[in-house]
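What follows is a short report on a single structure.
The values are calculated or read from the model by the stated rules, or taken from the named source; none is laboratory data. Being a predicted model, the structure only gives us computed values, none of them experimental. Positions of Cβ are backbone-derived with ideal geometry, glycine not excepted, and every protein chain shown enters the neighbour counts. Keep in mind that these areas ignore ligands, DNA and RNA; they rest on the heavy atoms of the full protein, side chains included. Shrake-Rupley method; radii C 1.70, N 1.55, O 1.52, S 1.80 Å.
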Amino acid sequence: MKLENLLDEAAKINGKIVAVASAEDEEVIEAVSEAIKRNLAHFLLFGKKEEIEDLLIAKGIGKDHVQIIQARTKEQATELAVRAVHQNEASVLMKGNVPTAILLKAVLNKEYGLRTGRILSHVAIFEVPGFSKFTIVTDAAMNLEPDLQQKEQIVVNAVKIARAIGIDKPKVAALAAVEIINPAMQATIDAASLTLMNKRGQIKDCLIDGPLALDNAISLEAAKHKGIVSDIAGQADILLVPTIDVGNVLYKSLIYFAKASVGAVIAGAKAPIVLTSRSDSSESKLYSLALAICSSDKYNI
């Protein structure tokens, strides 16, 4: 499975519209330009009209696939973009040149926001050299130290994204430092609880096992060496990290050490949210857009 395939799948989906909050940003317009070239979506660009028009002209983008909506401030641009998704005028929200805090405040607005009652969580799809399938990491960016109930929702969000891109019954490894339940290590207790909840049908459409250390989650050889008998060990599709610290280190290790490619979205809202940072490559931004478009097509799966 390749992230390039997501671009092909997104291009097959007709009529998707992406609302970009505060689009007056060269890197954002670069991603929009590449997405238009690949026929991924149409775009509603909210922000300072003249600046956006100048950037579009510089990239040689015509107005066939974009509509610019004037906004005086970043806050107004964000509100208008979120309202567009709330009112089903767009199916994906994308962060432009606006602080994450402002975007999330609008997303969580009780009047026009994108609340669903579920927790918001970050879902990253990695294409790791040497691995034949995607590695999904969650949650590396939103929830600091999730409790058991929050972890359950984080799993549900990740499973929805996994199923939307063709993994019908994803295998979830609840990660910890060790494979045994240790009362002094909350991550092992939560992992075991999630495993039991899954076996009892409380968490559906996936298989969960844990606690599992990272090596036993992704390597059959490591799992066999430790005598772990499991349908998930060595075959995990989704890696559920216990804290944001673990997730952040794993995320960046995959990119910088393993040279992995990645696309990511925020799940749990009414629609997928593309929340890239300036440090993300243009390739990553494009993959994230494609992931969001593919997910939005089957978001209620």
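Taken over the range 35-51, the criterion of being at pLDDT below 95 and in contact with a Leu (Cβ under 8 Å, 6 or more places away or on another chain) is satisfied by Ala35, Arg38, Leu40, Ala41.
Please go through the range 241-263 and give me each residue that is open to solvent by less than 10 Å² (accessible area, probe 1.4 Å), under 20 Å from Pro146 (Cβ atoms) and not β-branched (Val, Ile, Thr), ordered by number. Gly247, the sole residue that qualifies.
Which of the residues that make up the range 26-56 are in a loop (DSSP other than H, G, I, E, B) and over 17 Å from Val92 (Cβ atoms)?
Lys48
Within the range 161-202, can you find the residues that are open to solvent by less than 50 Å² (accessible area, probe 1.4 Å), within 30 Å of Ile13 (Cα to Cα) and part of a helix (DSSP H, G or I)? Selection gives Ile161, Ala162, Ala164. Residue pairs whose Cβ atoms lie under 6 Å apart, sitting 6 or more positions apart in sequence or on different chains, and linking a residue in the range 213-235 that is within 20 Å of Phe134 (Cβ to Cβ) to a partner that is of a type in the set (Lys, Arg) and open to solvent by less than 70 Å² (accessible area, probe 1.4 Å), are Ile232/Lys171; Gln235/Lys171. Yes or no: Val123 touching a helix residue (DSSP H, G or I) at 6+ places or on another chain (Cβ under 9 Å), over 26 Å from Met1 (Cα atoms) and touching a residue at least 40 places away in the same chain (Cβ under 8 Å)? Answer is no for this residue.
Within the range 220-233, is even one residue β-branched (Val, Ile, Thr), surrounded by 21 or more Cβ atoms within 10 Å (Cβ to Cβ), within 23 Å of the chain's Cα centre (by Cα) and more than 30 Å from Glu27 (Cα to Cα)?
The answer is yes, given that some residue of the range 220-233 is β-branched (Val, Ile, Thr), surrounded by 21 or more Cβ atoms within 10 Å (Cβ to Cβ), within 23 Å of the chain's Cα centre (by Cα) and more than 30 Å from Glu27 (Cα to Cα).
Of everything in the range 127-160, what is among the acidic types (Asp, Glu) and open to solvent by 10 Å² or more (accessible area, probe 1.4 Å)? Give them in sequence order. Those that are among the acidic types (Asp, Glu) and open to solvent by 10 Å² or more (accessible area, probe 1.4 Å): Glu127, Glu145, Asp147, Glu152.
Of the set (1) open to solvent by less than 10 Å² (accessible area, probe 1.4 Å); (2) at pLDDT 95 or above; (3) touching a strand residue (DSSP E or B) at 6+ places or on another chain (Cβ under 6 Å); (4) not basic (Lys, Arg), all apply to Val32 but (2).
Test of understanding: among Ala106, Ala77, Ala101, which residue is assigned to a helix (DSSP H, G or I), touching a Ser or Thr at 6+ places or on another chain (Cβ under 6 Å) and either free of Cβ contacts under 8 Å to residues at least 40 places away in the same chain or over 18 Å from Val265 (Cα atoms) (or both)? Break it down stepwise before answering.
Numbers: Ala106 fails: either free of Cβ contacts under 8 Å to residues at least 40 places away in the same chain or over 18 Å from Val265 (Cα atoms) (or both); Ala101 fails: touching a Ser or Thr at 6+ places or on another chain (Cβ under 6 Å).
Selected residue: Ala77, the only one of Ala106, Ala77, Ala101 that is assigned to a helix (DSSP H, G or I), touching a Ser or Thr at 6+ places or on another chain (Cβ under 6 Å) and either free of Cβ contacts under 8 Å to residues at least 40 places away in the same chain or over 18 Å from Val265 (Cα atoms) (or both).
For the range 5-29, a residue qualifies if it is under 20 Å from Lys74 (Cα atoms) and buried (at least 22 other Cβ atoms within 10 Å of the Cβ), and the qualifying residues are Val18, Ala19, Val20, Ala21, Ser22, Ala23, Glu24, Val28, Ile29. Out of curiosity, is Asp54 under 23 Å from Ser288 (Cα atoms) and open to solvent by 90 Å² or more (accessible area, probe 1.4 Å)? Spelling it out, it is not the case that Asp54 is under 23 Å from Ser288 (Cα atoms) and open to solvent by 90 Å² or more (accessible area, probe 1.4 Å).
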